[in-house]
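Colleague: My structure is below; once you've seen it, I'll send some questions.
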Amino acid sequence: MAQVRERGARYGKALAALGAASVLTAGAAVVAGPATAATPAGQADSARYVALGDSYTSGPGIPEQTGGDCARSSVNYPSLTAAKLGQKSFKDVSCSGAKTDDMWNTQAGSAGPQLDALGKQTRLVTVGIGGNDIGFGTIIGSCAVLSATDPTGAPCKKQYTAADGSDVLTQRINDAAPKIAKVLKAVHERAPYAKVALVGYPSIMPDNGTSCFPSVPIAAGDAPYLRDTEKRLNTMLQQQARAAHVRYVDTYGTTVGHDVCTPAADRWVEGVQPESPAAPFHPNAKGEAAMAGAVYGVVRG
């Protein structure tokens, strides 16, 4: 028990930083007022390229920050993609903490429903959503705290195993699938002439399943568990993209080898205590640039 207490004190600062990631990714942003009715498609001021999404799209912590509570970066993947495409008619309404419901609802104080940015003039839409619907921030926070109790085991996997032996997070991913389908349907309705791309999530934990405890407080057995959970999430997104006849952007494959456990110089996704400007467990500027490259490769045609 003394060793556990020592570990708890040791990781106190790191886990405090991780709390910021939970706020940004777990849909914990303050909602101002009741859900707002969506604006009909065909707004006169709709941009030709509109980016929708959560914090992996918005780029919290990466200079320069815009968008108020939504924490958008001027060099997030939508901004870089717009520049690569030479697209000056561009609107980024991504927002840290966004869930699928926030496509229709007011979020983060002044952020209106993201779908309201779409219209008949829109010709390209990128969507990065789904992680907060499965509770990504809370999951990472729980796994980090539990790692101190059993660093060589899989305490987080144990926590997310139901009494009947099924995996709770797999069920959450399955439950999120119709929500993604609903978003993509609404995008088609609001922007009927747009090319649509659903963007997956980058490689966060090492693809080979190893852990870098204690520098990143994830237990040895939970590193492959979290990796596999993210892969299942991305697979679900790819399936929903195919069903909705939209493009899917694989940002996982292009970021393998640049995860939270890699040396700082090669790291594209920061760990619990970022060494480059970014939110914990989120892409840094290099990561957003890599994601932009993947998006551009899919949508440029």
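The values are calculated or read from the model by the stated rules, or taken from the named source; none is laboratory data. Predicted model only: the values in this text are computed from it and were never measured. Methodologically, a virtual Cβ is constructed for each residue, glycine included, from the backbone with ideal geometry; neighbour enumeration extends over all protein chains shown. SASA here: full protein model, heavy atoms, side chains in, ligands and nucleic acids out. Shrake-Rupley method; radii C 1.70, N 1.55, O 1.52, S 1.80 Å.
Colleague: How big is D, in µm² s⁻¹, for the stretch 232-301 by Stokes-Einstein at 20 °C and 1.002 mPa s if Rh is the Kirkwood radius over C-alpha pairs?
Modeller: It comes out at roughly 164 µm²/s.
Colleague: At 1.4 Å probe size, what's the solvent-accessible area of Asp266? Round to the nearest 10 Å².
Modeller: In the full protein context, Asp266 sits at about 80 Å².
Colleague: Which order do you get for Val145, Val127, Val93 if you rank them by accessible area with a 1.4 Å probe, largest at the top? Please list the in-between numbers first.
Modeller: Values: Val145 85, Val127 0, Val93 25 Å².
Largest to smallest exposure gives the sequence Val145, Val93, Val127.
Colleague: Ordering Arg300, Arg123 by accessible area with a probe of 1.4 Å, largest first, what comes out? Walk me through the numbers on the way to the answer.
Modeller: Details: Arg300 160, Arg123 95 Å².
Result of the area sort, largest leading: Arg300, Arg123.
Colleague: Please give the per residue accessible area of the stretch 81-230, computed with a probe of 1.4 Å over protein heavy atoms only, in Å².
Modeller: 37 Å²
Colleague: In angstroms, what radius of gyration and Dmax does the stretch 74-158 have, counting Cα atoms only?
Modeller: Radius of gyration, then largest Cα-Cα span, for the stretch 74-158: 17.8, 54 Å.
Colleague: Okay, moving on. Taking all protein chains in place and a 1.4 Å probe, what share, in percent, of the accessible surface of the stretch 176-241 do carbon and sulfur account for?
Modeller: 52 percent
Colleague: What order, most packed first, do the peptides 218-231, 52-65 have when packing is the mean number of other Cβ atoms within 10 Å of each residue?
Modeller: So the peptides 218-231, 52-65, ranked by packing, come out 52-65, 218-231.
Colleague: Where does the stretch 156-295 land on Rg(C-alpha)/(2.2 N^0.38 Å)?
Modeller: The reported ratio for this selection is 1.14.
Colleague: What fraction, in whole percent, of alpha-carbon pairs in the stretch 37-181 exceed 25 Å separation? Please report the intermediate quantities before stating the final value.
Modeller: Numbers: 4036 of 10440 pairs.
The answer is 39 percent, as a whole percent.
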